[in-house]
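One structure is given here, and the rest of the page talks about it.
Nothing in this text is a laboratory measurement; each read-out follows from the coordinates by a stated rule. Since we're looking at a predicted model, the values are computed, not measured. All Cβ positions, glycine included, derive from the backbone under ideal geometry; neighbour counts span all protein chains shown.
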Amino acid sequence: MTENKSLKTIVKALDAKKAEDIKVIGIKDLTIMADYFVIATGTSTTHVRALAEEVDAKLAELGIKPLKSEKRSGSSWLAVDYGDIIVHIFTEETRKQYSLERLWADGEQVDIAQLLE
């Protein structure tokens, strides 16, 4: 499975479930932790969990399982590690508080339009 196929699957799953403000940041030149962060916002903790479950389900169809998952019921931030891609799903308030986009501003901003094709 190619990284690009996984990114497309993740972004499409988030978009299909009405995630807000989806961002993909290339971080492979900045850290060994992963190649990409995918960041999205859910409208509530229930929506955040539903988004994470949809990503899990779509990647499972491709035979991809998370290496580590931080999914606690009622959480305002869920992180799922798929190896080269780490997905962060926040409520709006929590996303503003942690501001991962600002922390990783030196990363490559990926245009998600090409991933939604």
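What to note about this one:
- Sorted from longest to shortest, the spans of the Cα atoms of the chain along the three principal axes equal 33, 32, 27 Å.
- The lysines within cross-link reach of LYS8, meaning a Cα-to-Cα straight distance under 24 Å and a gap of 8 or more places when in the same chain, are LYS17, LYS18, LYS23, LYS28, LYS58, LYS65, LYS68, LYS71.
- If you take the Cα centroid of region 48-117 and the Cα centroid of region 18-40, the two points sit 8 Å apart.
- Ordered by the number of other Cβ atoms lying within 10 Å of each residue's own Cβ, fewest first, THR41, THR94, THR31 fall into the sequence THR31, THR94, THR41.
- In the chain, taking the dipole from charged Cβ atoms about the Cα centre, the farthest positive-side position among THR43, ILE10, TRP104 is held by THR43.
- Within region 61-117, the proportion of Cα pairs with more than 17 Å between them is 56 percent.
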